[in-house]
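Please read the structure below before turning to the comments.
The values are calculated or read from the model by the stated rules, or taken from the named source; none is laboratory data. All of these numbers come straight from a predicted model, not from anything done at the bench. When we count neighbours, we look across all protein chains shown, and the Cβ atoms used for this are built from the backbone with ideal geometry, even at glycine. Just so you know, the surface numbers come from the protein's heavy atoms only, side chains and all, with ligands and any DNA or RNA stripped out. Shrake-Rupley method; radii C 1.70, N 1.55, O 1.52, S 1.80 Å.
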Amino acid sequence: TLILSNPSASTGLNIIGAYEIGSVVSAGIGAGFVYWLNTSGMVPVFADIRLNLLPGKITPYSIFRFGYNIGTNLGAYQAFGDMGLGVKIAITERHGIYADCKLRKNQATDFLRDQFPIVSAGYKFSL
């Protein structure tokens, strides 16, 4: 995961375990670690919902993610919600790699705040 935000950037790793509901919906949970440059790290814990737009080995999808950041020095960020578009490439029936771009809404200490787009790439295992 690469997050570009003003005035800093971050990098991290998320792992998602998901259950495929038919060939259209994927619902899962995930966790990871994100390191913000010039600050500290945090652990996001989240729900991940994906809707496949077309069937096939290469599948475009829409993504909805919501969760909470756990860490000692979070600054203003706590709960978050993402929505975006991506593409998954199947390696086998249950394994695949993905890339997506999401927009995030963060819950700050006293207000909601938008964030720059998030570009993610990773591995997904489905049950």
Checklist entry - Label-point separation (nm) for R94 and V119, each offset 7 Å from Cα along Cα-to-Cβ? => result 3.3 nm
Item to check | Distant-in-sequence amide H partners of G71 (H built 1.01 Å from N, under 5 Å) | outcome: V43
Next on the checklist: Can you give me the distance in nm between label points at M83 and I15, each placed 7 Å from the Cα along the Cα-to-Cβ direction?
Outcome noted: 3.1 nm
Next on the checklist: What is the sum of charges, Lys and Arg at +1 and Asp and Glu at -1, for the other residues whose Cβ falls under 13 Å from the Cβ of A121?
Outcome noted: +2
Checklist entry - What is the sum of charges around L51, taking Lys and Arg as +1, Asp and Glu as -1, for the other residues whose C-beta is under 13 Å from the C-beta of L51? => result 0
Item to check | Environment charge at I29 (Cβ cut-off 13 Å; Lys +1, Arg +1, Asp -1, Glu -1) | outcome: +2
Checklist entry - Under a 1.4 angstrom probe, counting protein chains only, how are K105, K88, K124, K57 ranked by accessible area, largest first? => result K57, K105, K88, K124
Checklist entry - Any idea of V24's accessible area? Nearest 10 Å², probe 1.4 Å. => result 80 Å²
Checklist entry - Which order, highest average first, do 25-32, 89-96 follow once you tally other Cβ atoms within 10 Å for each residue and take the mean per peptide? => result 25-32, 89-96
